[in-house]
Amino acid sequence: MVGLLWSPLCFWVIFLLKSVVDVTWWEATAWTLPPMGVELVICFSTWYLCRMTSLNNWYLVKTIWTHIVAALFLNGIWLLLVMLYSNALDLVFKRETWGARFNEAVPVFLAVGLSLYFIAVLTHYLVLVVEKHRKAEEEVLKQSLLTSRAELKALKATVHPHFLFNSLNLLGPLMRTSTEKARAVVSQLSEFLLYSLRYGKQELVTVRDEVEHVENYLGIESVRLGERLQLRFDIDETILDAPILPLTLLPLVENAIKHGIGQCLDGGTLSIAIKNVPGSGNIHITITNPYEEPSRPVRGEGLGLRTLKQRIGAYYDGRGRLRSWKDEQTFNVELEFPKVKEVKNE
């Protein structure tokens, strides 16, 4: 790649020498190629100088002067090497051609050397700016992921105590009225908590895992809310093994229960649909529930959706989307994201 870019420059210098100095094409070529190889090394060496200097406004003048001095110094050495090389050519070929005409060629070599030096400096600074911008983007993404994880932990710490409190309050009456239902609640509660411990720190789980986790949650809430909670599932079985971020469905379902059905006097139907988007292969999740404006704001409303939206945006690099909206009496959430890789069952 470097050779392809450097060869036209060498031909250009040969052409300049042939035009300015009275030499043949062969003499101009012999005079040009080895010195241009040395100039290439000089241009590469400016990378280290560019990394040590700054384009900050406070040091801009100092940086410019540093490069001017460096350009004159390095090209002075280069011209000295070209002069010694010219004399060596005269000795090898036993003619007075290159050494005698060196003074005529100095303007050409000096102009070429200085031009290539500053072109190399500008190129290196451009690469450094791009690299700095890339690292800044990576740092922003890293901080976004860390923030999402912190918010997820805070959300789990908020949901679990609240859910545990309701579940434990539910167990007392059930033990007196229906030990069978009490055992079912204990089983679902243990599976619910085990999921958080087992999968909460994994990068990806399956849609099946998430659905089973939500079913345990809804099983307990169905006992608590009774006929006020009706469920409707519409899940494409072909994507049950598709990858999904852990604890994706729970914030959506918990939000629908806590801020939707739980606030409705007559309750309502919670609908969960998980489909495969034709063509794109994306996973599309839709959750709808009845909604009534509360008489006073409910604490934590919207936190789960905001946290999940940040997690989806950070992990899928902007390819996932989450949107929610309210109709007259319905709250709707749509979530879509790509299948990035398969999940291996451990």
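The values are calculated or read from the model by the stated rules, or taken from the named source; none is laboratory data. This is a predicted model, so every value here is computed, not measured. Please note: Cβ atoms are built from the backbone with ideal geometry, for glycine as well, and neighbour counts cover all protein chains shown.
Filter the stretch 1-29 down to residues that are in contact (Cβ under 8 Å) with a residue 60 or more places away in the chain and part of a helix (DSSP H, G or I), then give me how many there are. Going through the stretch 1-29 one residue at a time, the tally reaches 6.
Conditions (1) at pLDDT below 90; (2) in contact with a Cys (Cβ under 8 Å, 6 or more places away or on another chain); (3) outside the structural domain of residue 46 (by TED's automatic domain parsing), marked per residue:
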{"residue": "73", "(1), (2), (3)": "no, no, no"}
{"residue": "77", "(1), (2), (3)": "no, no, no"}
{"residue": "80", "(1), (2), (3)": "no, no, no"}
{"residue": "93", "(1), (2), (3)": "yes, no, no"}
{"residue": "97", "(1), (2), (3)": "yes, no, no"}
{"residue": "101", "(1), (2), (3)": "yes, no, no"}
{"residue": "105", "(1), (2), (3)": "yes, no, no"}
{"residue": "114", "(1), (2), (3)": "no, no, no"}
{"residue": "124", "(1), (2), (3)": "yes, yes, no"}
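Condition check ((1) in contact with a strand residue (DSSP E or B) (Cβ under 8 Å, 6 or more places away or on another chain); (2) outside any helix (DSSP H, G or I); (3) charged (D, E, K, R)) across all residues:
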residue: 193; (1), (2), (3): no, no, no
residue: 196; (1), (2), (3): no, no, no
residue: 210; (1), (2), (3): yes, no, yes
residue: 219; (1), (2), (3): no, no, no
residue: 225; (1), (2), (3): no, no, no
residue: 246; (1), (2), (3): yes, yes, no
residue: 250; (1), (2), (3): no, no, no
residue: 253; (1), (2), (3): yes, no, no
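Within the stretch 63-81, the set of residues being touching a residue at least 40 places away in the same chain (Cβ under 8 Å) and touching a Gly at 6+ places or on another chain (Cβ under 9 Å) comprises 71, 74, 75, 78. Can you tell me which residue within the stretch 256-280, out of those that are under 20 Å from residue 337 (Cα atoms) and not hydrophobic (A, V, I, L, M, F, W, C), is farthest from the chain's Cα centre (by Cα)? Here the answer is 271. Is it fair to say residue 232 is under 29 Å from residue 313 (Cβ atoms) and buried (at least 17 other Cβ atoms within 10 Å of the Cβ)? Considered against the rule, which asks whether it is under 29 Å from residue 313 (Cβ atoms) and buried (at least 17 other Cβ atoms within 10 Å of the Cβ), residue 232 comes out as no.
Within the bounds of the stretch 38-60, is there any residue that is assigned to a helix (DSSP H, G or I), without any contact (Cβ under 8 Å) to a residue 40 or more places away in the chain, of a type in the set (Val, Ile, Thr) and closer than 30 Å to residue 127 by Cβ? Yes, there is a match, as at least one residue in the stretch 38-60 is assigned to a helix (DSSP H, G or I), without any contact (Cβ under 8 Å) to a residue 40 or more places away in the chain, of a type in the set (Val, Ile, Thr) and closer than 30 Å to residue 127 by Cβ.
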